[in-house]
Amino acid sequence: MTSTLIRGRLLSFHRAPFAIDDSAAYAYETDGALLVENGVIVASGTYAAIKAGAADDVVEIDHRPHLIVPGFIDTHLHFPQMQVMASYAANLLEWLNTYTFPEECRFVETAHAERIASRFFDEMVRHGTTTAAAYCSVHKASVDAFFAEALRRDMRMIAGKVMMDRNAPQGLLDTPEMSYDETRAVIREWHGKGRNHVAITPRFAITSTPEQMDVARSLVHEFPDLHVQTHLSENRDEIAFTCELYPEAVDYTDVYARYGLLGPKSLFGHCIHLSEREADAMSETGSVAVFCPTSNLFLGSGLFPLRALNRRDKPVRTSVASDIGGGTSYSMLKTLDEAYKILQLQGERLNPFDSFFMMTRGNAEALSLVDKIGTLEAGTDADFIVLDMAATPAMALRAEVVTSLADELFLLQTMGDDRSIVETYVAGKPAKSALAAA
Ligand code: GUN
Ligand code: FE
């Protein structure tokens, strides 16, 4: 069996850090190594210990002085919106109707879906994101293209066929029956194949009739282990329209609660304007509120109350995501840079250890996948990345005066992007340099 030893500085979290000096929250090896076999990390520790336990003919790759961290995880994005990014709109609903819905109509064409899926995975690898929870379009062809590409690249991905049967162009509508049959077909064909996970994906309450929401409920009943993903409380006009469409619900969150969609595998994009009652309902059900900083700023949606949700006596689980194409960068470093600023505007702090926890282990916990991804622990998938804090001339100049790991992480987060990702290992194989070579 071929094994590979990858040497560098290693950083992996045990839990969320309580403060910037909470060094018990993570393991940091200044001369560390990972031993990888068959796509899995089989040992992790000091270089001396790993080398001593490895076979004589082990292949060594030396990434010193760079920093190795688990691959970034993005818990909410839309792969059919790569060509929607940077569309000039005043707010969410104008952006959806003017740019996003027309663009997603193009995914009825298999060739188009396949081309964009391939480009999507290239960008994930280039930016160091090794797992994402993705929305496809309403068309099954888009889901097939996405999962086929994920399988080809052996990446751990979560994705779903978007269910939507009203308030959108005809070319983007299914029916309750179609959404049931096609979601079941997608589960049968793709779930558990390679590292693929299917998510039940009603787009949001505005684009689903009550009959389709009933279908979503049935699917959750039939497949209780699957993730559920949708949007919640992003924009004031969206909230008002939702409450008009579902007058029996006490608030937006209650719409999803009435259809049995809250729970520990449920990911709710945005959650910016939740009431106390709604946050309680999220907390009690273990539902996840997904913070999408670049999107929330770009669409002017509002400031996600991360600390208020964390500090409640009933805390709400949270994760962080790009929300491509409402979001403006594929980079989780850039995403956390904007998260930092959103907390600043609320008089709150986000320390760099917290940011790196969120992009890795924190998001893995939110996806209930921490046994597989998000750390450098033995037995987990060999998905990890190599970071260079001096990737550009401006970063190199700033790096001259870096004196601590906290400084280095903060520099990476504040000035870094895809150029800081020296290599992306997917299932133990260097995938970013393979892109450049292709
Ligand atoms: N709400 C419903 N659909 C979408 C979408 O595609 N992007 C964002 N940001 N919000 C949504
Ligand atoms: Fe979204």
From the list Ala205, Ala249, Ala240, Ala257, which one is closer than 26 Å to Leu96 by Cα, open to solvent by less than 20 Å² (accessible area, probe 1.4 Å), away from ligand 2 (no atom under 16 Å from the Cβ) and over 18 Å from the mean Cα position of the chain (by Cα)? Ala249
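Which residues, taken from region 12-25, are touching a Pro at 6+ places or on another chain (Cβ under 7 Å) and either closer than 22 Å to Glu348 by Cβ or not polar (S, T, N, Q) (or both)?
Restricting attention to region 12-25, the residues satisfying the condition of being touching a Pro at 6+ places or on another chain (Cβ under 7 Å) are 12, 25.
If the condition is that a residue be touching a Pro at 6+ places or on another chain (Cβ under 7 Å) and either closer than 22 Å to Glu348 by Cβ or not polar (S, T, N, Q) (or both), then Ala25 is the only one that fits.
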Among the residues of region 303-324, which ones are in a loop (DSSP other than H, G, I, E, B) and surrounded by fewer than 24 Cβ atoms within 10 Å (Cβ to Cβ)? Leu303, Pro305, Arg312, Asp313, Lys314, Pro315
From Glu365, Glu377, grab the single residue that is in contact with a Ser or Thr (Cβ under 9 Å, 6 or more places away or on another chain), in a loop (DSSP other than H, G, I, E, B), open to solvent by 10 Å² or more (accessible area, probe 1.4 Å) and under 25 Å from Leu226 (Cα atoms). Glu377
Give me the residue from region 272-301 that is under 17 Å from His78 (Cα atoms) and part of a loop (DSSP other than H, G, I, E, B) and, out of that set, nearest to ligand 2 (Cβ to nearest atom). Cys292
Using the structure shown, decide if Ile187 is at pLDDT 95 or above and not in a helix (DSSP H, G or I). no
Per the list (1) within 16 Å of ligand 1 (Cβ to nearest atom); (2) touching a helix residue (DSSP H, G or I) at 6+ places or on another chain (Cβ under 8 Å); (3) not aromatic (Phe, Trp, Tyr), residue check on Glu278 breaks on (1)
So Gly286, is it out of contact with any Ser or Thr (no Cβ under 7 Å at 6 or more places or on another chain), over 23 Å from Pro80 (Cα atoms), within 15 Å of ligand 1 (Cβ to nearest atom) and in the same structural domain as Ile206 (by the TED database): no
Is it true that Val215 is surrounded by 24 or more Cβ atoms within 10 Å (Cβ to Cβ) and either of a type in the set (Lys, Arg) or within 16 Å of ligand 2 (Cβ to nearest atom) (or both)? no
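Quick check on my filter: what residues within region 261-299 are β-branched (Val, Ile, Thr) and open to solvent by 10 Å² or more (accessible area, probe 1.4 Å)? Spell out how you get there, then give the answer.
The initial filter retains those residues of region 261-299 that are β-branched (Val, Ile, Thr), namely 272, 285, 288, 290, 294.
Passing the criteria: Ile272, Thr285.
Going by what's in this entry, would Ser331 be described as open to solvent by less than 10 Å² (accessible area, probe 1.4 Å), within 16 Å of ligand 2 (Cβ to nearest atom) and closer than 23 Å to Thr130 by Cα?
no
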Which residue pairs have Cβ atoms closer than 7 Å, lie 6 or more positions apart in sequence or on different chains, and pair a first residue in region 78-92 that is closer than 18 Å to Thr201 by Cβ with a second residue that is away from ligand 2 (no atom under 11 Å from the Cβ) and small (Gly, Ala, Ser)? Phe79/Ala117; Pro80/Ser137; Pro80/Ser142
Since Met82 meets every condition but one in (1) of a type in the set (A, V, I, L, M, F, W, C); (2) under 30 Å from Gly416 (Cβ atoms); (3) open to solvent by 30 Å² or more (accessible area, probe 1.4 Å); (4) over 20 Å from the mean Cα position of the chain (by Cα), which condition does it not meet? (4)
Note on region 385-409: residues over 18 Å from Pro70 (Cβ atoms) and part of a loop (DSSP other than H, G, I, E, B) are Ala390, Ala391, Thr392, Glu400, Val401, Val402, Thr403, Ser404
I'd like to check something: does region 28-37 contain any residue that is closer than 26 Å to Ser319 by Cα, under 23 Å from the mean Cα position of the chain (by Cα) and touching a residue at least 40 places away in the same chain (Cβ under 8 Å)? no
Restricting to region 403-414, name every residue that is closer than 15 Å to Ala391 by Cβ and either open to solvent by less than 50 Å² (accessible area, probe 1.4 Å) or without any contact (Cβ under 8 Å) to a residue 40 or more places away in the chain (or both). Glu408, Leu409, Leu411, Leu412, Gln413
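With the requirement that a residue be part of a helix (DSSP H, G or I) and either in contact with a Cys (Cβ under 8 Å, 6 or more places away or on another chain) or closer than 22 Å to Glu189 by Cα (or both), what does region 145-174 give you?
Those that are part of a helix (DSSP H, G or I) and either in contact with a Cys (Cβ under 8 Å, 6 or more places away or on another chain) or closer than 22 Å to Glu189 by Cα (or both): Ala145, Phe146, Phe147, Ala148, Glu149, Ala150, Leu151, Arg152, Arg153, Gly171, Leu172.
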Checking the condition surrounded by fewer than 16 Cβ atoms within 10 Å (Cβ to Cβ) and farther than 26 Å from Leu5 by Cα, which residue from Thr100, Thr110 passes? Thr110
Just a yes or no: is a residue in region 381-396 touching a Ser or Thr at 6+ places or on another chain (Cβ under 9 Å), outside the structural domain of Glu423 (by the TED database) and either of a type in the set (Gly, Ala, Ser) or within 28 Å of Pro80 (Cβ to Cβ) (or both)? no
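The values are calculated or read from the model by the stated rules, or taken from the named source; none is laboratory data. Only a predicted model underlies this, so the values are computations on that prediction, with no experimental measurement involved. We place every Cβ from the backbone using ideal geometry, glycine too, and count neighbours over all the protein chains shown. Ligands, DNA and RNA are excluded from the accessible area calculation, which covers all protein heavy atoms including side chains. Shrake-Rupley method; radii C 1.70, N 1.55, O 1.52, S 1.80 Å.
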